[in-house]
1. Give me the helices (runs of 4 or more DSSP H) completely within region 12-125, filtered to those with at least 1 residues that are hydroxyl-bearing (Ser, Thr, Tyr) and within 25 Å of the chain's Cα centre (by Cα), ordered by residue number.
2. Tell me whether region 283-300 contains one or more residues that are touching a helix residue (DSSP H, G or I) at 6+ places or on another chain (Cβ under 6 Å) and hydroxyl-bearing (Ser, Thr, Tyr).
3. Just to check your reading of the model, which residue among Leu275, Leu249 is more than 13 Å from the chain's Cα centre (by Cα) and aliphatic (A, V, I, L, M)?
4. I'm trying to understand the selection: among the residues of region 186-228, which are part of a helix (DSSP H, G or I), farther than 23 Å from Tyr83 by Cβ and in contact with an Asp or Glu (Cβ under 9 Å, 6 or more places away or on another chain)?
5. Regarding region 234-244, can at least one residue be identified that is part of a strand (DSSP E or B), crowded, with 23+ Cβ neighbours inside 10 Å and in contact (Cβ under 8 Å) with a residue 60 or more places away in the chain?
6. Hey, among Ile285, Ile269, which residue is under 15 Å from the mean Cα position of the chain (by Cα) and surrounded by 14 or more Cβ atoms within 10 Å (Cβ to Cβ)?
7. Which strands (runs of 3 or more DSSP E) sit wholly inside region 347-417 and have at least 2 residues that are farther than 18 Å from Phe242 by Cβ?
Amino acid sequence: MNEIKVGLIGFGNIGAGVVRLLQENAQTVQQKVGSGIILKRIADLDITSDRGVSVDPAMLTTDVNEIFNDPEISIVIELIGGYEPAKTFVLKAIEAGKHVVTANKALLALHGDEIYAAAARKGVEVQFEAAVGGGIPVLSAIKGNLSGNRFSSVFGIMNGTCNYILTRMTQEGADFEDVLKSAMELGYAEPDPTFDIEGVDTAHKLAVLASLCFGTKIDFNAIHTEGITAISGIDIRFAEQFGYRIKLLAIGKLTDDRQLEVRVHPTMIPLRNPLADVNGVFNAIHLTGDFVGPVLFYGRGAGQNPTASAIVGDLVALSRSIAAGVQNRRSAPLGFLDNTITTLPLKPMEEIITSFMLRFTAQDQPGVLAGIAGVLGKNGISIESMVQTARHNGGQAVPIVIKTHEAREGAIRTALAEIDSFDFISEKSRLIRIEDNLE
């Protein structure tokens, strides 16, 4: 086969990047595949706007069925995002016997099981390297070169919008709302940034990663998810006083009793940890395997060019199999054979054990510290260190910040609920989890 025909659904920013890469690097791709990858048809509701790339108008269509019904097209790229009609289109492509490449982490996080099962029935592949980490080749590494390892943890910074916001808040002392507005103006944040700043986008990616690392089905709705909207400048300053930096972290851990921790939340990371220096829109993903040990992947986690790079990488992998005449699926989508996928129990958040930074806003009066410490002690929570701002005249409210030793989250929340009922507490108390041993 001298040419492999491809159909593209979604001609937005990323789609335009894929077209440009295939045009500019056509010779390089052919040298690596042995066959030319030809983009035959592009489907989008808008086929008149200028995307910054030149294509033959005859390739463009508003009827996506022209891709599904074309027997020459063997691979379909889905780049419209979201749940529907993306799910319907992907399933139609599979039913038509076509391989699928997608960057749609939301779709895979919620409907991956159905899509993978459909692909297995039809004997086609679903590739999705671009769904996590943009141009960072972490998924292919987990399924490929690192596949001999049993993973104990995966964690990382997986959302460039949040990392950009926290970086500027940390380095410049900027206000959250001001930085968010700037991120939207620069194109780092969507017009509706809710999925980014509330941690949902990161949770989608963690669901995909954890499935690959641990060979288990993940109920996306069971992932504990917190965003960064409640993080303030005062939290960042106190974290630095304790020797930490705040990042929105995705965490997946396999415990000794074969329970799985999957959680997304602002996390204090020691300044000595390499993740503390991952700034701006960059992502970093850390894996720990039993034989390879710790491995860190770093790069641009989003954007036109990095994402296009990952998508074309999947195209190349599929095209090599097609060119070699391989009829059956080259590998299972999650790296594990379908009949070996398990459903590991998820550890409840109230049973998670970690250290915490607790911030109280209390009236400056005698007995406050004793009252707080007494409740913490009653719940088995040990204080490691504390910072209290200078006293003010007139009993004004002041922040009291405590770093705990490791404690059970359920005990922390019970203690905070009691402390918040005291008359001397002026605002709802805040907690930020600390991860000292990210391995």
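The values are calculated or read from the model by the stated rules, or taken from the named source; none is laboratory data. Values in this document were obtained by computation on a predicted structure and should not be read as measured data. Positions of Cβ are backbone-derived with ideal geometry, glycine not excepted, and every protein chain shown enters the neighbour counts.
1. Per the criteria, 86-95, 105-122.
2. No, that holds for no residue.
3. Exactly one of Leu275, Leu249 is more than 13 Å from the chain's Cα centre (by Cα) and aliphatic (A, V, I, L, M), namely Leu275.
4. none
5. Taking every residue of region 234-244 in turn, at least one turns out to be part of a strand (DSSP E or B), crowded, with 23+ Cβ neighbours inside 10 Å and in contact (Cβ under 8 Å) with a residue 60 or more places away in the chain.
6. None of the others qualify; the one that does is Ile285.
7. Of the strands (runs of 3 or more DSSP E) lying wholly inside region 347-417, those with at least 2 residues that are farther than 18 Å from Phe242 by Cβ span 353-363.
Residue-wise test of (1) loosely packed, with under 11 Cβ neighbours inside 10 Å; (2) in contact with a Leu (Cβ under 9 Å, 6 or more places away or on another chain); (3) more than 14 Å from Ile4 (Cβ to Cβ); (4) free of Cβ contacts under 8 Å to residues at least 12 places away in the same chain.
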position: Ser35; (1), (2), (3), (4): no, no, no, no
position: Ile38; (1), (2), (3), (4): no, yes, no, no
position: Arg41; (1), (2), (3), (4): no, yes, no, no
position: Thr48; (1), (2), (3), (4): yes, yes, yes, yes
position: Val53; (1), (2), (3), (4): no, no, yes, no
position: Ile73; (1), (2), (3), (4): no, no, no, no
